[in-house]
Structure formats: C-alpha cells, structure tokens
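To start, the structure itself, in structure tokens.
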Amino acid sequence: MSSATYRTLLHTPGVAAFFLTAAAGRVGIAMTSLGIIWLVHGQTGSYALAGLVTGGFAVAEALVGPQLARLVDRFGQTRVLPPTLLAHAAAVAALLAVVTLGSPNWLIVAGGVGVGATIPQLGALSAARWSALLRGDRSADLPTAFALESLSNGLAYLAGPVLVSAVGASGHPGLGTVLAATLVVSGGLAFAAQRRSAPPPASGAAERHRAGRSLLRPGFAVLVGINLAIGVFFGAMQVSVAAFAVLHGAAGAAAPIYAVSSCSGLLAGWLYGLRRWRVAPRVQLALVAAGAALGCLPLLAADSLPGLGFAIALTGMAVPPILVLSSVLAEAAVHRAVLTQAFTWLNSASAAGSAGAAAVSGRAVDAFGAHGGFAVAAAATAVMAVLAVAGVRALQRQPSREERDE
C-alpha cells in the first residue's frame, strides 16, 4: 500500500484547486454551529437560547440543503453557489446584528434559521466533481477520492471546533462566527471559480424528471437509512461520552476521548483509501456495518475511562469506511444529473439523525445513566447493520453506468 494513490489523484488537472478551496470552506462549516453557541451565549448568557438557535440552524440546513442541491443540479455549481454564498454572508451579518442589539428571542432564532438555510453543501459539491472527473476508465479511483473527501471532512471537524472555541474563549464571542463565515464564503467563492472541473447541469426537463426518479430507488433509500442511523450514533455518543466522564468525576476527559475517536477514524479512513478492494462495495458495507454493531457492545460494559477510550477508538474506525462506501454506492445508484442532491440527502439524513438522537439519548442518560445513552448508540448501529445486510440485494440491482448517464 502506498500514499501515491492520493498524490496521483491530487495531481489530476484541476483537482487540487477545487479540493483545497472546498477544504478551507469545510473548516468554516465545521465552526459555524459551535460559533453560534459562543455568540448567543456570550451576548445573552443563555445556553437554552443558544441551543434553540443552533437547533434552528441545524433543521434549516437539513431541510433546505437538498433544495439548494436541486438548483445546483439544474443550473450548475458556478451559477448557484455565488448567490448562495452572498446570501449566507448576509444571513450571518443579520444574526450578528439581532444578537448584538438584544432583539427578541424569536428573531434571534430566525437569524439562526437563515444561516442554516444558506450554508453551502461544499462536501456534496466536491463529491459531484470527483464523480464527473473520474467517469469512465478512472471510475475505479472513486473510492480513493471519496476517502480523501472523508479525510478532509474529518480534519475540518477536528480543527474547526478547536479553533472556534479558542477564539470564543479569548473574550470575543462573535469573532468565531465571523471567522467561520469568512472561511465559508472565501473558500466557496474560490471553489466556484474553478469552472473547468464543475460538472455540467442537467440539459432539460425530461432528463431532470427521469433522473429524479433514481432518488426513489430502493438501493438509495437503504443508503439514506444507513446515514440516518449513523447520525443517531454520533448524536448519542456526544451526549453519552460527556455524561460518562462527568459521572466518573473527570469532565475534562471527554475532549481527549473525542479526540481518540476522531484520530482513529482518520487513520482508518486514510488506510482504507490506500487499497483497491476486490470485494464489492455493497458487501464491504454490510461487513463494516456489522463490525460497527459488534464494536459497540464493549460500550455497554465500559466501567472506566481507559476502557471507554478503547471502545470509542474501535467504533470510530468503522465510521469513515461506511461514509466512503455510502458515497460510492450512491454514485452508482442515481442518475448523474441528481448526484449533488443524492450526496446532500445523505448529509441531511446524518444531520437529522444526530439532532434527534441528542434529545433521545439525553432522556436515556437521565433515566439509566451514561450506559443508557450508549444503548441508543448501539441500537443505531444494529439498525444500520440490518439495513446494510438486508439491502445487499437492493444495492446489487444498480443500473449500469450507461443507464445512469442516459
């Protein structure tokens, strides 16, 4: 195995420019939610209001993101992305204004909704470019390309929260939100400027209608369900790990445990992308999902922080391959004219699952302790494994590449 595969991909004409600009924007996206919490709490002193605003942001992003993706597939990335970014900048400015001026709570929540509704899905746009560039003879390189995307996303969500927390703790709670918006808008505009690598929009209404039906195929529905389950897993783990650390008198241990999970996932994603796997992606997904479900079992018996760290590292290693394989199978399941929508729906499913799980796992922790939250996470991985194993047949009946491109 050699990292030359990653280098080769990045040396493809036009790739480094769009990949690196999208990576910068992703760091800003990873900072936005936590930046809103710092901003609202710093100005109002209320965590409850900060949670409401962040919840409005997350719901708006999950609901509006696929609709923006539909416009991208119809009119093209270079036409839709710039006005979306300008709208995002205006929405962030409006949120800063209403928070600073001490406006009513409902107006502040509406400001968070505006920010979420306009934030661009740079990950989906970047994945769509990979699919367009690696079509034909280079389609076997797609798993490596999507692994590279997963690494970029993982690094963004590792660095972004740390950066925004450092800025927020410096005494300027609004600065993190400004910095996040600056990265999103500047990175997004630089990404949109790379016109040569942008996939062409759908050519006509008939093609869009035919392509849209591919989003209803059973195979794609399975992938949406798997991403919803993995979102539930993430949401439950965030609450449960914090509760476990507090119950063991070491609240500060939660952050290192999260870091262990992130680092193990990054390592697994990097190693996965280095190899050409002979096993069919749908079979790989079933095996890795089953492994993730089994890997969650030690969480139910963990009674010490080191034991929890080991179990977290074990489960974290399964996540990047699942996300990569979901992208690979989604690319194979839907028409090329709706790829951006497909990738965005997967992201929205994960976000929706994470948001819902935070409330459910919180109740489970209150009732049964931290292990109740871990039980929610384990149940999510079990559902994910069942979907992956049961969906092998549906994922097997994928259209040929020629049929997807018609």
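The values are calculated or read from the model by the stated rules, or taken from the named source; none is laboratory data. Here the structure is a predicted model, which is why all the values come from computation and not from measurement. Reconstructed Cβ throughout: ideal geometry from the backbone, glycine too, with neighbour counts over all protein chains shown.
Of the residues making up the range 160-182, those that are surrounded by fewer than 22 Cβ atoms within 10 Å (Cβ to Cβ) and either under 18 Å from the mean Cα position of the chain (by Cα) or not assigned by TED's automatic domain parsing to the domain that holds residue 77 (or both) are 161, 162. Looking at the structure I just gave you, is residue 273 of a type in the set (Gly, Ala, Ser), within 22 Å of the chain's Cα centre (by Cα) and modelled with pLDDT under 90? In short, yes.
Within the option set 260, 246, 239, 279, being free of Cβ contacts under 8 Å to residues at least 24 places away in the same chain, farther than 22 Å from residue 345 by Cα and in a helix (DSSP H, G or I) holds for one residue only, 246.
When the test is whether a residue is of a type in the set (Ser, Thr, Tyr) and either at pLDDT below 80 or surrounded by fewer than 20 Cβ atoms within 10 Å (Cβ to Cβ) (or both), residue 258 passes it. Checked against the criteria, residue 328 counts as surrounded by 18 or more Cβ atoms within 10 Å (Cβ to Cβ), touching a residue at least 60 places away in the same chain (Cβ under 8 Å) and in contact with a Pro (Cβ under 7 Å, 6 or more places away or on another chain). Scan the range 98-118 for residues that are in contact (Cβ under 8 Å) with a residue 24 or more places away in the chain and under 14 Å from residue 57 (Cβ atoms) and the total you get is 12. Is it true that some residue in the range 354-375 is at pLDDT 90 or above and in the same structural domain as residue 279 (by TED's automatic domain parsing)? Taking every residue of the range 354-375 in turn, at least one turns out to be at pLDDT 90 or above and in the same structural domain as residue 279 (by TED's automatic domain parsing). Among the numbered conditions (1) touching a Gly at 6+ places or on another chain (Cβ under 6 Å); (2) crowded, with 22+ Cβ neighbours inside 10 Å, the only one that residue 92 does not meet is (1).
Where helices (runs of 4 or more DSSP H) fall entirely within the range 1-109, those with at least 1 residues that are farther than 21 Å from residue 148 by Cα and not hydroxyl-bearing (Ser, Thr, Tyr) are at 15-44, 47-75, 77-100. Looking only at the range 95-117, residues that are over 18 Å from residue 174 (Cβ atoms) and buried (at least 21 other Cβ atoms within 10 Å of the Cβ) come to 2 in all. Only one entry in 220, 244 is within 18 Å of the chain's Cα centre (by Cα) and either at pLDDT 90 or above or among the hydrophobic types (A, V, I, L, M, F, W, C) (or both), namely 220.
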